[in-house]
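Here is the structure we will look at.
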Amino acid sequence: MGKKSQIQMGESIAILFIFFVLLIFGFVFYMNIMKGSAKVEVEENIQLKAVGIAQKASFLPELQCSEENVRVEDCIDRHKLEAVHNLLSENNIYYFDIFEFSNISVRKVYPFPEVGETIDWELYDNVPGEFTSKLSTFIPVSLFNSTTKSYDFGILAVEVYTK
């Protein structure tokens, strides 16, 4: 009678051991899946932040063109563009809340520049010393010259850095 109960107790311990081993494997598998989905979610949040900063830069009222107090879509006034760098650098703390760690610049791409003509404008430059990722967004814009009443084609480049 004593041997039968010892065998049943050994079987119970073996079943419990197998159950806990399977439970541990399941938990490890579940944690790996959760870790992978957390990385995907973090990457999506970084991309959403980059798109938000790019939208804020493209709709910056300090750069917008206007005709008779009506805002023109996807247009940057070249005279405002040349003056806005000083404004952004003087109020760096205010614009850090908006643009965080990013680099924002405008480049004229068409028509091809004449000799001595400015084709690159650095608007905001706050690049951290060390960063883990960099996302670039390029937005096509019209560059309006109000003295000649002409439009050029340009690219608004927004590079967002994350630590």
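Quick notes on this structure:
- Positive end of the dipole of the chain (Cβ unit charges, origin at the Cα centre): among 52, 29, 106, the Cα lying farthest that way belongs to 29.
- Placing unit charges on the Cβ atoms of the charged side chains and taking the dipole of region 11-162 about its Cα centre, the candidate lying farthest along the positive direction among 92, 70, 156 is 156.
- Cα convex hull volume per residue for region 96-158 (Å³): 115 Å³
- Cα-Cα P(r), region 5-51, percent of pairs per 10 Å interval: 24, 23, 18, 16, 11, 6, 2
- Around the Cα centre of region 11-162, unit charges on the Cβ atoms of Lys, Arg, Asp and Glu (plus for the first two, minus for the last two) sum to a dipole of about 360 debye.
- Relative contact order (%) - region 11-162, alpha-carbon pairs under 8 angstrom, separation at least six: 24 percent
- Translational D in µm²/s for region 27-72 (Stokes-Einstein at 4 °C, 1.567 mPa s, Kirkwood Rh from C-alpha pairs): 95 µm²/s
- Straight Cα distances below 18 angstrom link residue 56 to the lysines 80, 134, with same-chain residues fewer than 8 positions distant left out.
- Options 141, 7, 40, ranked by Cα towards positive dipole end of the chain, top entry (Cβ charges): 7
- The Rg/Rh ratio of the chain, with Rg taken over Cα atoms and Rh as the Kirkwood radius over Cα pairs, comes to 1.46.
Bear in mind that the values in this text are calculations on the coordinates, not laboratory data. These numbers were taken from a predicted model, which means no experiment stands behind them. Every residue, glycine as well, gets a Cβ built from its backbone with ideal geometry; the counts of neighbours run over all protein chains shown.
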